[in-house]
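The values are calculated or read from the model by the stated rules, or taken from the named source; none is laboratory data. Quick caveat, the model's predicted, so the values are computed rather than measured. Every residue, glycine among them, receives a Cβ derived from its backbone with ideal geometry; neighbour counts consider all protein chains shown. Areas reflect the complete protein model, heavy atoms only, side chains present, ligands, DNA and RNA absent. Shrake-Rupley method; radii C 1.70, N 1.55, O 1.52, S 1.80 Å.
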Amino acid sequence: MHRPANVLVGAVEQRDLLAGGAVPVIVDEPMDAIAVSNAGVQTGGQWAGIPVCSGGLSTAQANMLRQFSTSDKVVVVLAGSEAERNQSAGYLLDLAFFFDRVRAVALPPGESLAGLAQESGAKRVHDLLLTSRPLMTYRASGRGFVALRSADLDRPGPGPGL
């Protein structure tokens with residue numbers, strides 16, 4: 001039987017990039033994955049696009065991705081409506097079981113990586129992916145996930161005063 005939760009579209013096609021240390025980038029749409037992989041190839045193999053095709057990312061798929069990848073880092077692109085961004089942010093917990101560094105990058109509403117690549121080129125996609133940050137630096141709002149400014153983050157307490 002075919003179980004979509006046990007199939008990771010695009011991982012086999014990206015195996016050369018992933019084996020070379022490329023950071024897997026989880027996106028919703030195949031065209032965004034192509035834009036990421038093109039940016040990866042043009043920047044020396046830094047990125048490999050993995051589309052989830054709006055179907056979500058299961059724990060089994062996160063494990064499969066880890067098996068293909070030699071990088072300890074993964075990036076999730078938060079795009080689309082608030083519900084789509086929330087679904088994508090939900091992948092981060094499963095990915096944290098398999099990757100040491102789980103990061104996210106939020107696109108402006110209505111934007112896609114494929115559109116950015118078409119308008120501004122692969123370098124723009126590369127530059128955007130370089131700005132990925134840990135999920136804890138994002139917060140949910142009525143406009144989906146938005147990046148917090150450093151002033152918005154709680155500073156650690158002084159500790160127990162040992």
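The chymotrypsin sites (Phe, Trp or Tyr not before Pro) of region 69-129 meeting both criteria, a DSSP state outside H, G, I, E and B (loop) and at most 12 other C-beta atoms within 10 angstrom of the site's C-beta, are PHE97.
Per residue, the solvent-accessible area of region 1-116 (1.4 Å probe, heavy atoms of protein chains only, all protein chains present) comes to 46 Å². Computed over protein heavy atoms with a 1.4 Å probe, the carbon and sulfur contribution to the accessible area of region 68-134 reaches 52%.
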